[in-house]
1. If the cut-off is 18 Å between C-alpha atoms, which lysines fall inside it for Lys261, apart from same-chain ones fewer than 8 positions away?
2. To the nearest 20 debye, what charge dipole does the chain have about its Cα centre, counting +1 at the Cβ of each Lys and Arg and -1 at the Cβ of each Asp and Glu?
3. Could you list which residues have their amide H under 5 Å from that of Cys313, counting only those 5 or more apart in sequence or on another chain, with H placed in the peptide plane?
4. Measure nothing but the geometry: give the 0 to 90° angle between the long axis through the Cα atoms of 3-23 and the longest principal axis through the Cα atoms of the chain, rounded to 10°.
5. Under the rule a/c < 1.5 gives rounded, and otherwise a/b versus b/c splits prolate from oblate, where does region 179-293 land using the Cα gyration tensor?
6. Test of understanding: in a Gaussian network model of the chain with alpha carbons linked when under 10 Å, which of Glu163, Glu392, Glu94 would top the mean-square fluctuation ranking?
7. What are the residues whose amide H is under 5 Å from the amide H of Arg230, where those residues sit 5 or more places off or on another chain and H is modelled from the backbone?
8. Using amide H atoms built 1.01 Å from N in the peptide plane, name the residues 5+ places from Tyr125, or on other chains, whose amide H lies under 5 Å from its own.
Amino acid sequence: MRLINKFYSRHIDFLMKEYETALKGVEVAGVLLHSGSLDTYFGDDRVIDFNAYSHYLRWIPINKPDQFVLYIPGEKPKYFQVIPNDYWHEQKIECGDWIYGNVNVVQIKTVDEIKSYLKNDDLAYIGPNPTLAVKFNISTSQINCQEILNYLNFKRAYKTEYEVLQIKEANKLAIVGHQAARECFLNDGNEYEIHMAYLKACSILESDSPYTNIVALGEKSAILHYQNKRNENAQKEKNLLIDAGCRINGYASDITRTSVKMSIDSLYRDLLVGMEYVEQELVNLVKPGVGYPDLHSDALIKIGKLLLDHSICFGSLEGLLNNEIPHLFMPHGVGHLLGVQVHDLGGHLKDINGTIEVPPAHSPFLRNTRVMSENMVFTVEPGCYFIPSLLEAQRNTKKGKLINWGKIEQLYPYGGIRIEDNILVTKDGPENLTRQFEAINS
Ligand code: GLY
Ligand code: MN
Ligand code: MN
């Protein structure tokens, strides 16, 4: 039996148990999961790119609207595969044969037909279209019931072997793209060309990506989610920050690499070497029981040291930390949970009851406050940026006295650095789901 068959089969068994527990205490007989409905832009008949709802995708890796899973504990899950009569669009559904056999596939032509299959009145609905759920006579209290969602969102941080396999495959493919992107950059490619080189090497469309590729040359690397792709001569550009992933069966990779040409300013190059080191050190701190906010604090400490080592800041490490100086250089969290969503759900959940563990006040953008535990997958992505709007606001303040403005001006044209890997927590420590493929391919 192929690995994927075995893993998917076990994954479905796992989900069945997980959902059975999630539904306990809630007065329902089962749950209907919905991939979502197509929508159009306001005042237009143009359809918005569809991305299936993540809780549905964990069951069925088919990114299509109006697909449903009905799960009633004790019964085999039913997958309602809605294939409408439509001569405008391709409606054929292609998926691995390993799906069949693990769920009962019911092929129908319209969403309305589902109603005749919903014999139980007391179902819960999880999905993006509450109006549809009402049409199915699902009680409003059971539509996206928070009690169920809290349980599912908390639990899905722990991946099954099927999920880890998908994230690994998504890393393997993205690494091919990253290598092509780097090659293109070293040959003076511009942002647009690097972006296209990435997609081509991965053989994907932009709409297949788990998020908008960030392809930033020079100073644009300081824009954390830089979205443009400049199509202009880039010969003079010396550094590239590319943050790009892939999706396999719904699961994402999320990888950032920073590359330089030989003629790059030596200060930036040394900082990049330091950041590569910092990133690997942080990855090596991953193990069950460590609080993710502690990893974030470690990142700030290490970045503070780096800023002092390169005379970008003055004073003591303690002074920098007390004044929240490293925070100005890394104004994002050191990572987030990863899965069927690139920023996966449940990062702030403390337990299955929905208790929220807020990020520390000094780092409000930290997306993960969980305690590391076996089978969790998250990113580790320290960054060090020279963001004019954040730094200039401090130029004439007490904090500004700790900053070496000459060095900042020297570094502004290069924007920043980020290095990002995807990490699985095992009982023995980290498994780097990204670097294992880089080693093979390079
Ligand atoms: N690609 C977005 C992020 O790294 O979180
Ligand atoms: Mn990320
Ligand atoms: Mn990223």
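1. Once the sequence-local lysines are set aside, what remains near Lys261 is Lys220, Lys236, Lys238.
2. So the dipole magnitude of the chain works out to roughly 360 debye.
3. For Cys313, the qualifying residues are Leu308, Asn404.
4. 80
5. oblate
6. Among Glu163, Glu392, Glu94, the largest mean-square fluctuation in the Gaussian network model of the chain belongs to Glu94.
7. Counting only residues 5 or more places away or on other chains, the set is Glu191, Tyr192.
8. For Tyr125, whose amide H was placed from the backbone, the distant partners under 5 Å are Leu32, Ile143, Asn144, Cys145.
The values are calculated or read from the model by the stated rules, or taken from the named source; none is laboratory data. Here the structure is a predicted model, which is why all the values come from computation and not from measurement. For neighbour counting, all protein chains shown are included, and Cβ atoms are generated from backbone atoms with ideal geometry for every residue, glycine included. Please note that ligands, DNA and RNA were not included when accessible areas were found on the heavy atoms of the full protein model with its side chains. Shrake-Rupley method; radii C 1.70, N 1.55, O 1.52, S 1.80 Å.
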